[in-house]
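Since the structure comes first, as structure tokens, the remarks are kept for the end.
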Amino acid sequence: MSSSLTGELYTKFIMNTSIKELPPTPPLEPSAKRVRPRFHDLPLREGDPKCSAWGLWGDNDEIGTLNLITSQAVAMAAQEACRGIVVPLSLPLEEPILPMNPRRSPCSHKIIAKGYANDDEIHVNTQSSSHWDGLRHYPYQIEQQQRFYNGATQEDISGPDKNAKIGIQNLARRGIVGRGVLLDWREYAKQNGINYSPFETHAIPLEQLLEVSRIQNITFCAGDILLIRTGWTEEYRRLAGEEKLQLATREVRSFVGVEASEEMLRWHWDSQFAAVASDTNAYESWPPAKPWDVSCHEVLLSGWGMPIGEVWDLEELSETCRALGKWTFLITSSPLNLNGGVASPSNALAIF
């Protein structure tokens, strides 16, 4: 589909879909009073990386778009939990049996029998199973000096004078609680004869996500946590053990995910998502084509401070949403409170 037609569809979507603005926040939340710039005003300062919003919530901010989840947003999201149905969104720590990045170690678990009691120890790469990419994970790649959110550098993370700036502890100390929205693109692809493999590079275009949101009758709210089902988990679980090992040790990693286009990033910004997550391994199609010279990882994580959830289990969630005819829910997540951490198991629940 041409970029002009995509633009027309996006314009119609914006004209016909309201982004609910939440009530004014209390005095304790001054960040919500800031005027939100338009997408084409990014970056906010000369010399900052492409499409970045550094300084929007202050030069020392360490939680980025999670600022959009105000106390009112949490209270409104809590109203979604009226049926008492709880759906876990994390795979077992030992799944996938080998992480899709061969540089990451699989989970190991040791029981320590002490005679009078038992302890256990685990060794796990924080990105080996269902997880959040934190703000220390992936910097802008187009600069000579790679920079992370709000100008943090690799020296801050691993240099001789390293500090805990933009570490995962900032997400843990506030928690991630808000309204979740599932876009079941996997079901849409099945119904519309879209042939693809979740294990190969396949970029999901914006117009298809807009169509899914229309079919599901979604009205987005500022501070929503967007979840996109691609079918990666469904297909992975169909593989035999040897096939799973081969998938993890391929020379080139490739996955289905959203396209890294200007239109896609504009939609994420205009929709005011606080965080995003998917069942696939990189949220965006990988390797990203970068038609706009930057990947979603660069802009979302290091430009806006938006956590990215990857390898989430959205299968039961999809079934529950379909059975209830309801695609919104309360979502809770408690990342590891690890000072200076890069990422964390997601520990996420959807509650209806």
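Read the figures in this text as sums done on the coordinates, not as results from a lab. Keep in mind that this is a model prediction, so the values were computed, not measured. When we count neighbours, we look across all protein chains shown, and the Cβ atoms used for this are built from the backbone with ideal geometry, even at glycine.
Averaging sequence separations of C-alpha pairs under 8 Å and six or more residues apart, then dividing by the length of region 187-325, give the relative contact order as a whole percent. Don't skip to the end; give the middle numbers.
Details: 195 pairs, mean separation 41.2, N = 139.
Relative CO of region 187-325 lands at 30 percent.
Which of [x] 16.8; [y] 20.3; [z] 42.6 is the computed mean projected area of the Cα convex hull in nm² for the structure on display?
Identified label for the calculated read-out: [y].
Net charge within 14 Å of Arg103 by Cβ-Cβ distance, Lys/Arg positive one each and Asp/Glu negative one each, not counting Arg103 itself? Intermediate values should be presented prior to the final figure.
On the way: positive: Arg104, Arg250, Arg253; negative: Glu251.
Charge balance in the 14 Å sphere: +2.
What number of lysine-lysine pairs in region 3-351 show an alpha-carbon separation below 18 angstrom, given a sequence spacing of 8 or more or placement on distinct chains? Mind dumping the intermediate values first?
Values: Lys12/Lys20; Lys20/Lys33; Lys20/Lys326; Lys50/Lys290.
For region 3-351, the number of qualifying lysine pairs is 4.
For Ser334, what is the net charge nearby, where nearby means another residue's Cβ is under 12 Å from its Cβ and Lys, Arg count +1, Asp, Glu -1? Please list the in-between numbers first.
On the way: positive: Arg173, Arg174; negative: none.
After counting each charged neighbour, the total is +2.
Taking Cα pairs under 8 Å and at least six residues apart, what relative contact order does the chain come out at, in percent? Walk me through the intermediate numbers first.
Details: 739 pairs, mean separation 101.2, N = 352.
With pairs under 8 Å counted, the relative contact order is 29 percent.
Rank the residues Leu135, Leu324, Leu183 as a footprinting-exposure proxy: fewest other Cβ atoms within 10 Å of their Cβ go first.
Numbers: Leu135 31, Leu324 12, Leu183 25.
Listed from fewest to most nearby Cβ atoms, that is Leu324, Leu183, Leu135.
Loop-only chymotrypsin sites (Phe, Trp or Tyr not before Pro) in region 69-140, please: DSSP not H, G, I, E or B, and at most 14 other Cβ atoms within 10 Å. All intermediate terms of the calculation are to be shown ahead of the outcome.
Numbers: sites: Tyr116, Trp132, Tyr140; in loops: Tyr116, Tyr140.
Filter output for region 69-140: Tyr116.
Which loop-located trypsin sites (Lys or Arg not before Pro) does region 215-263 contain, where loop means any DSSP state but H, G, I, E or B and the Cβ has at most 10 other Cβ atoms within 10 Å? It would help to have the intermediate numbers written out before the result.
Details: sites: Arg229, Arg237, Arg238, Lys244, Arg250, Arg253; in loops: Arg229, Arg237, Arg238, Arg250, Arg253.
In loop regions of region 215-263 (DSSP not H, G, I, E or B), the sparsely surrounded trypsin sites (Lys or Arg not before Pro) are Arg238.
Using a cut-off of 11 Å between beta-carbons, work out the net charge of the residues near Gln154 (Lys and Arg +1, Asp and Glu -1, Gln154 not included).
Numbers: positive: Arg136, Arg147, Lys162; negative: Glu155, Asp156.
Local net charge: +1.
Please rank Met264, Met76, fewest neighbouring Cβ atoms within 10 Å first, as an exposure proxy. Please list the in-between numbers first.
Values: Met264 23, Met76 18.
Going from least to most buried by this count: Met76, Met264.
With a 10 Å Cβ neighbour count serving as the proxy for reagent exposure, in which order, fewest first, do Tyr283, Tyr236 appear?
On the way: Tyr283 27, Tyr236 22.
Result, fewest neighbours first: Tyr236, Tyr283.
Just order 268-274, 58-64, 311-317 by mean Cβ neighbour count inside 10 Å, highest at the front, would you?
Details: 268-274: 20.6, 58-64: 16.9, 311-317: 22.9.
Highest-to-lowest ranking by the protection proxy: 311-317, 268-274, 58-64.
On a C-alpha basis, how far is the centre of region 72-127 from the centre of region 275-352 in Å? Whole number, if you could?
Here the two parts' Cα centres lie 15 Å apart.
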